[in-house]
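*Asks:* Before I ask anything, let me first share the structure, which is written out below as structure tokens.
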Amino acid sequence: MNLNDILDGYSNKSFSVHEVFTTFLQQIDKYESKVHSFITRIDINPKDGSNAIPIAHKDIYSTKGIETTAASHILKGYVPPYSATSVIRLESKGFETLGKLNCDAFAHGTTGENSDIVITKNPYDLSRVPGGSSSGSAAAVAAGFVPVATATDTGGSIRLPSSYTNTVGIKPTYGRVSRYGVIAMTSSTDSIGHITKTVWDSAYVLGITAGYDEHDATSSRIDVPAYTEHIDDGVSGMTLGLPKEYLVNIDPEIERVFNEVVATYEKLGARIVEVSLPHTHNALSCYYIITPSEISSNLGRFDGIRFGLDRSKFGEEAKRRILIGTFCLSAGYYDEYYRKAQKVRTLVKNDFDNVFTSVDAIIAPVSPVLAPRVGSVIDDPLKTYMLDVLTVPVNLAGNPSLSVPGGFSHGLPVGFQIIGKHFDEQLLYTIGNAYEKETQHYKTLPTFSDSTTI
Amino acid sequence: MSNNSTYELIIGLEIHIQLNTESKMFGVGSNNIWKEEPNSHVAPVDLGLPGTLPVPNGKAIEFTQRCGHALHCNLATNSKFDRKNYFYPDLPKGYQISQYDQPFCTDGYLDIPIGNNETKRITIRRIHLEEDTGKSLHKDGKTYLDFNKAGVPLMELVTEPDFRTSAQASDFSKMIQVAVRVLGISDADMEKGNMRLEANVSVRKIGETTLPNYRVELKNINSFKFLRDAVEFEFTRQVDAQQKGERLYMETRGWDSKKGVSVLQRRKETESDYRYFPEPDIPPFVFDKIYFDEILADLPTMPWDLETQLVNQGVRSDYAQMLAYEEDKYRAYVQYKDTLDDEDLVKLIANTKDMSTIENEITKIKSQKNDVGVSADELSRLISMVIEKNPTVVLDYTSGKENALHFLVGQVMKLSQGRADATVVREHLIQNLRD
């Protein structure tokens with residue numbers, strides 16, 4: 001049951017709020033013990049006759065009165081006295097939370113395995129990860145536990161798990177959605193988005209969360225368009241760019257699925273052109289300087305004095321990033337690392353600006369590989385960081401990107417991303433929806449089986 | 001005692017001033033925290049709760065720039081906030097939002113009197129804005145934390161090491177205190193911690209031209225007298241040490257005013273590394289001419305300018321100084337200027353203790369001088385004009401602020417060029433405002 005179905009059902013009065021909630025709660029009862037997407041569950045009884053919609057929030061969203069841990073032991077027992085702006089806006093439109101979702105602790109990770117609490121499994125293959133850091137969000141939506149889950153994308157943390165779980169993930173333009181109340185990872189790249197089953201659902205939710213917030217000085221005052229309005233306009237006559245730097249060193253199966261995506265868009269009337277983003281290979285190293293630098297400062301408040309527990313409760317990855325970041329910001333190294341990385345960041349941004357003078361949007365793979373097996377990469381930080389190679393450039397540049405189900409490889413979902421100009425989310429939804437209508441991959445439900453055929 | 005006369009003091013000042021804005025520096029919480037219950041004025045932002053974000057207070061920025069302009073600084077057109085990272089229990093976020101390399105104001109100066117009608121120019125290196133920290137209270141072997149003060153807008157003024165005597169440093173500080181009060185940006189009450197002084201002190205042999213290779217940072221100074229005492233104490237201590245051939249260190253010392261000694265707090269073997277980097281939660285600022293024109297439009301006359309004006313007018317220098325630097329006298333002069341002949345007014349204010357009596361005194365002087373009064377018609381016309389021109393002041397008065405009436409009376413007096421009788425004006429005003 002998609003969000004769109006629920007809204008239709010409520011307006012036709014074809015089903016009640018209890019039928020809706022029961023559908024999702026039964027699915028949770030049946031499969032959550034295999035998937036492990038929730039950290040905290042909330043018992044709710046939606047009011048009769050209300051048009052409440054179930055939702056769950058990544059555990060780095062502050063939720064008033066509900067424990068918020070960022071999946072880190074250090075925040076065990078922390079109950080925020082306020083809610084994130086996104087949470088408040090969604091509540092005002094009838095979304096009621098079923099709980100808080102697992103993720104890599106403090107959103108540091110690409111597989112979900114850095115959670116201090118539990119490892120979330122991929123509903124399409126329980127021996128594999130759903131991707132991270134928004135592991136619980138992607139898995140919960142894929143598994144049919146909720147029609148929508150909030151998530152965050154700092155370097156790919158929405159798009160990567162979406163692409164591994166046959167779901168739609170939006171990383172909005174930096175500043176489009178308020179960051180207030182979402183526990184900061186990398187302040188200058190954190191993007192506040194969500195994961196849904198379909199493109200329309202994603203557009204509907206962004207229409208609620210997007211817009212200026214007086215509590216976030218980096219939120220934009222640019223008007224929020226009606227994202228669902230032009231969703232059926234089609235791609236005929238559009239020019240889509242294929243960045244050549246994104247198509248090297250990727251798994252042949254990823255390439256195969258992506259070629260199908262390209263062929264489909266050509267069939268639908270889009271013009272496909274090769275483009276170049278020459279600083280792509282610099283982006284990852286630049287990202288892994290800026291990110292730990294900001295993290296080392298952002299995690300300074302977790303001293304156990306005003307909330308949470310003491311610093312010994314930080315996990316390995318958090319400690320690693322604090323140390324790297326502290327080093328990069330130290331006197332004598334700042335110029336060589338942080339300042340230089342910021343310069344490279346400008347070059348990465350210029351790459352995108354240049355390309356968008358000649359194309360409407362860019363399409364590209366999200367992950368260079370299929371969803372990894374649990375435990376297969378996590379002991380090698382560099383290998384894990386490499387999973388982000390196709391997603392981080394967008395975060396450095398601030399552009400929006402939509403991850404859409406592209407197809408399957410041996411039963412494993414493979415997504416692709418559509419990257420747009422700043423604040424061009426509406427166009428991304430039109431492009432994504434055209435592919436979804438043609439392929440309808442969202443109808444292929446997860447198997448909850450132990451392993452796929454490869 | 002040692003022979004002090006061959007040594008001279010090198011003093012630089014860092015002055016912290018809490019701004020009296022309605023809300024805190026980066027949040028919506030109330031800034032009015034004096035004597036409030038500990039931790040009663042702490043919004044999620046002030047506590048640095050996870051997920052909170054700083055939104056800069058535009059008024060505090062404006063106040064800092066007005067102050068910078070008054071102190072002849074360059075006002076930056078491009079500026080930003082930075083994070084200063086360090087750990088302390090009363091620093092909620094593990095960093096303080098401050099300004100590193102692009103402060104709002106740089107390269108200003110203030111000329112201070114040094115006797116014999118001479119002045120000395122003190123260079124102001126920078127004025128920047130930051131957030132205040134919380135407060136640690138150590139009692140019975142425990143530490144208590146009060147975060148009411150966390151996030152109060154704090155302006156920091158840093159001078160070059162231009163002072164050569166404790167009196168110069170103290171005079172400068174007093175001038176800054178009056179200046180920020182006249183600007184209306186801070187109460188600058190040292191007892192309340194609104195204004196905090198730190199002095200960097202070293203000594204060298206007279207005739208030497210390079211700065212000493214050490215300096216002692218003096219903290220916990222909460223009065224001008226303590227500033228002078230602490231600097232004098234350090235002078236003696238440091239000269240003694242030099243004469244004994246002892247090494248002097250970069251260190252921080254606190255002033256113990258009860259014992260009259262400075263106490264070592266910590267020695268700095270190396271410069272602290274605060275790992276400054278630009279605050280990513282606050283976009284950088286670009287200020288244009290229109291903005292500056294607007295915020296600097298209605299700056300009051302600064303005390304030192306008033307003093308010069310008065311002296312040039314032929315006013316006795318001690319009177320001029322009094323009117324410029326005693327805040328209530330300054331305010332009375334500005335308010336009642338033009339109600340009397342300037343010479344009479346200056347004399348009157350200089351010799352009056354209680355400024356609330358000044359209105360009556362002005363009336364008395366005028367009647368002695370047999371000034372022609374104003375007709376009833378003219379008076380009611382003047383009163384109407386003043387009421388019309390000052391709607392906000394009228395509102396202040398009707399909402400109970402008695403002081404607003406003084407202002408209105410002053411305005412009518414001014415318009416009548418001092419011919420009206422203040423008592424009569426007051427009565428008529430009250431009548432008019434009641435209607």
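*Asks:* Which of the residues belonging to region B:45-85 are charged (D, E, K, R) and within 25 Å of residue B:273 (Cα to Cα)? Before you say what the answer is, go through the steps one by one.
*Replies:* Restricting attention to region B:45-85, the residues satisfying the condition of being charged (D, E, K, R) are B:46, B:59, B:62, B:66, B:80, B:82-84.
Once the filter is applied, which keeps residues that are charged (D, E, K, R) and within 25 Å of residue B:273 (Cα to Cα), region B:45-85 yields B:46, B:80, B:82, B:83, B:84.
*Asks:* Let me ask something else. Step by step: first the residues of region B:238-257, then only those that are among the acidic types (Asp, Glu) and within 17 Å of residue B:198 (Cβ to Cβ), then the one that is surrounded by the fewest Cβ atoms within 10 Å (Cβ to Cβ). Which residue is that?
*Replies:* If we take residues in region B:238-257 being among the acidic types (Asp, Glu) and within 17 Å of residue B:198 (Cβ to Cβ), then B:256 is surrounded by the fewest Cβ atoms within 10 Å (Cβ to Cβ).
*Asks:* Suppose we keep only residues that are within 23 Å of the chain's Cα centre (by Cα) and not hydrophobic (A, V, I, L, M, F, W, C) within region A:250-278. Which one would you say is surrounded by the most Cβ atoms within 10 Å (Cβ to Cβ)?
*Replies:* Per the criteria, the residue is A:253.
*Asks:* Using the structure shown, decide if residue B:430 is touching an Asp or Glu at 6+ places or on another chain (Cβ under 9 Å) and not in a loop (DSSP other than H, G, I, E, B).
*Replies:* For residue B:430, the condition - touching an Asp or Glu at 6+ places or on another chain (Cβ under 9 Å) and not in a loop (DSSP other than H, G, I, E, B) - is not met.
*Asks:* If you don't mind, there's one more thing I want to ask. Where in region B:36-130 are there strands (runs of 3 or more DSSP E), lying wholly inside it, with at least 1 residues that are within 25 Å of the chain's Cα centre (by Cα) and within 14 Å of chain A (Cβ to nearest Cβ)?
*Replies:* B:82-85, B:95-98
*Asks:* Return yes when residue A:53 is at negative phi, within 14 Å of another protein chain (Cβ to nearest Cβ) and not hydroxyl-bearing (Ser, Thr, Tyr) and no when it is not.
*Replies:* no
*Asks:* Quick one: which residue in A:207, A:237 is more than 14 Å from chain B (Cβ to nearest Cβ), assigned to a helix (DSSP H, G or I) and surrounded by fewer than 21 Cβ atoms within 10 Å (Cβ to Cβ)? Talk me through it step by step, then tell me what you get.
*Replies:* Working: A:237 fails: assigned to a helix (DSSP H, G or I).
Going through A:207, A:237 in turn, just one is more than 14 Å from chain B (Cβ to nearest Cβ), assigned to a helix (DSSP H, G or I) and surrounded by fewer than 21 Cβ atoms within 10 Å (Cβ to Cβ): A:207.
*Asks:* On to the next question. Of A:49, A:65, A:9, which residue is surrounded by fewer than 17 Cβ atoms within 10 Å (Cβ to Cβ) and modelled with pLDDT of 95 or more?
*Replies:* Unique residue meeting the criteria: A:65.
*Asks:* Have a look at B:169, B:188, B:199 and point out the one that is in a strand (DSSP E or B), over 27 Å from residue B:44 (Cβ atoms) and small (Gly, Ala, Ser).
*Replies:* None of the others qualify; the one that does is B:199.
*Asks:* Can you tell me how many residues in region A:332-357 are more than 13 Å from chain B (Cβ to nearest Cβ), surrounded by 17 or more Cβ atoms within 10 Å (Cβ to Cβ) and either touching a strand residue (DSSP E or B) at 6+ places or on another chain (Cβ under 7 Å) or not in a helix (DSSP H, G or I) (or both)?
*Replies:* Here the count works out to 2.
*Asks:* Looking only at region B:291-321, count every residue that is assigned to a helix (DSSP H, G or I) and among the hydrophobic types (A, V, I, L, M, F, W, C) and tell me the total.
*Replies:* 7
*Asks:* Mind listing whichever residues of region B:258-270 are surrounded by fewer than 15 Cβ atoms within 10 Å (Cβ to Cβ) and among the polar types (S, T, N, Q)?
*Replies:* Hits for region B:258-270 are B:265, B:270.
*Asks:* In addition: Kindly provide the set of residues from region A:282-331 that are within 12 Å of another protein chain (Cβ to nearest Cβ) and over 24 Å from residue B:52 (Cβ atoms), ordered by number.
*Replies:* A:289, A:327, A:328, A:330, A:331
*Asks:* Also, quick follow-up: When the residues of region B:416-429 are narrowed to those that are within 22 Å of residue B:398 (Cα to Cα) and modelled with pLDDT under 85, which ends up surrounded by the most Cβ atoms within 10 Å (Cβ to Cβ)?
*Replies:* B:422
*Asks:* Can I ask one more? Among B:389, B:366, B:401, which is buried (at least 17 other Cβ atoms within 10 Å of the Cβ), of a type in the set (Lys, Arg), assigned by TED's automatic domain parsing to the domain that holds residue B:430 and more than 30 Å from residue B:110 (Cα to Cα)?
*Replies:* Details: B:389 fails: buried (at least 17 other Cβ atoms within 10 Å of the Cβ); B:401 fails: buried (at least 17 other Cβ atoms within 10 Å of the Cβ).
One residue alone meets the criteria, B:366.
*Asks:* For residue B:50, work out the one condition from (1) closer than 30 Å to residue A:106 by Cβ; (2) in contact with a strand residue (DSSP E or B) (Cβ under 6 Å, 6 or more places away or on another chain) it doesn't fulfil.
*Replies:* (2)
*Asks:* Sticking with this structure for a sec: Out of contact with any strand residue (DSSP E or B) (no Cβ under 6 Å at 6 or more places or on another chain) and either of a type in the set (Val, Ile, Thr) or closer than 23 Å to residue B:31 by Cα (or both) - does that describe any residue in region B:206-219?
*Replies:* yes
*Asks:* Which is buried (at least 18 other Cβ atoms within 10 Å of the Cβ) and at pLDDT 95 or above, of B:132, B:187, B:101? Give the derivation first.
*Replies:* Working: B:187 fails: buried (at least 18 other Cβ atoms within 10 Å of the Cβ); B:101 fails: buried (at least 18 other Cβ atoms within 10 Å of the Cβ).
None of the others qualify; the one that does is B:132.
*Asks:* Now for a different question. Based on this model, can you work out whether residue B:279 counts as without any contact (Cβ under 8 Å) to a residue 60 or more places away in the chain, under 30 Å from residue A:186 (Cβ atoms) and either not hydrophobic (A, V, I, L, M, F, W, C) or not assigned by TED's automatic domain parsing to the domain that holds residue B:14 (or both)?
*Replies:* So residue B:279 fails the test.
Condition check ((1) under 18 Å from residue A:101 (Cα atoms); (2) within 14 Å of chain B (Cβ to nearest Cβ); (3) free of Cβ contacts under 8 Å to residues at least 24 places away in the same chain) across all residues:
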{"position": "A:13", "(1), (2), (3)": "no, no, yes"}
{"position": "A:32", "(1), (2), (3)": "yes, no, no"}
{"position": "A:39", "(1), (2), (3)": "yes, no, no"}
{"position": "A:47", "(1), (2), (3)": "no, no, no"}
{"position": "A:57", "(1), (2), (3)": "yes, yes, no"}
{"position": "A:63", "(1), (2), (3)": "yes, yes, no"}
{"position": "A:68", "(1), (2), (3)": "yes, yes, no"}
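*Asks:* Same structure again: Please find, within region B:138-149, the residue that is nearest to the other protein chains (Cβ to nearest Cβ) out of those that are touching a residue at least 40 places away in the same chain (Cβ under 8 Å) and surrounded by fewer than 16 Cβ atoms within 10 Å (Cβ to Cβ).
*Replies:* B:143
*Asks:* I would also like to ask the following. Would you point out which residue out of B:210, B:133 is of a type in the set (Val, Ile, Thr), assigned to a loop (DSSP other than H, G, I, E, B), without any contact (Cβ under 8 Å) to a residue 12 or more places away in the chain and more than 21 Å from residue B:324 (Cβ to Cβ)?
*Replies:* B:210
*Asks:* Under 7 Å by Cβ, and 6 or more places apart or on different chains, what pairs join a residue from region A:77-102 that is touching a residue at least 60 places away in the same chain (Cβ under 8 Å) and away from chain B (no Cβ under 11 Å) with one that is part of a helix (DSSP H, G or I) and crowded, with 23+ Cβ neighbours inside 10 Å?
*Replies:* Close Cβ pairs satisfying both conditions: A:89/A:209; A:90/A:209; A:101/A:136; A:101/A:137; A:101/A:140; A:102/A:135; A:102/A:136.
*Asks:* Also, quick follow-up: When you go through A:253, A:266, A:260 one by one, which is the residue that is of a type in the set (Asp, Glu), at pLDDT 95 or above and more than 24 Å from residue A:412 (Cα to Cα)?
*Replies:* On inspection, the qualifying residue turns out to be A:266.
*Asks:* Among the residues in region A:363-376, are any touching a Leu at 6+ places or on another chain (Cβ under 9 Å), over 30 Å from residue B:94 (Cα atoms) and free of Cβ contacts under 8 Å to residues at least 24 places away in the same chain?
*Replies:* Scanning region A:363-376 turns up no residue that is touching a Leu at 6+ places or on another chain (Cβ under 9 Å), over 30 Å from residue B:94 (Cα atoms) and free of Cβ contacts under 8 Å to residues at least 24 places away in the same chain.
*Asks:* Whether any residue in region A:315-327 is charged (D, E, K, R), over 28 Å from residue A:164 (Cβ atoms) and surrounded by fewer than 21 Cβ atoms within 10 Å (Cβ to Cβ) is what I want to check. Break it down into steps so the answer makes sense when it comes.
*Replies:* Looking only at region A:315-327, we keep the residues that are charged (D, E, K, R), and these are A:316-317, A:319-321.
Adding the requirement that they be over 28 Å from residue A:164 (Cβ atoms) leaves none.
Scanning region A:315-327 turns up no residue that is charged (D, E, K, R), over 28 Å from residue A:164 (Cβ atoms) and surrounded by fewer than 21 Cβ atoms within 10 Å (Cβ to Cβ).
The values are calculated or read from the model by the stated rules, or taken from the named source; none is laboratory data. Predicted model, so just to flag it, every value in this text is computed and none were measured. No Cβ is skipped: glycine too gets one built from the backbone with ideal geometry, and neighbour counts run over all protein chains shown.
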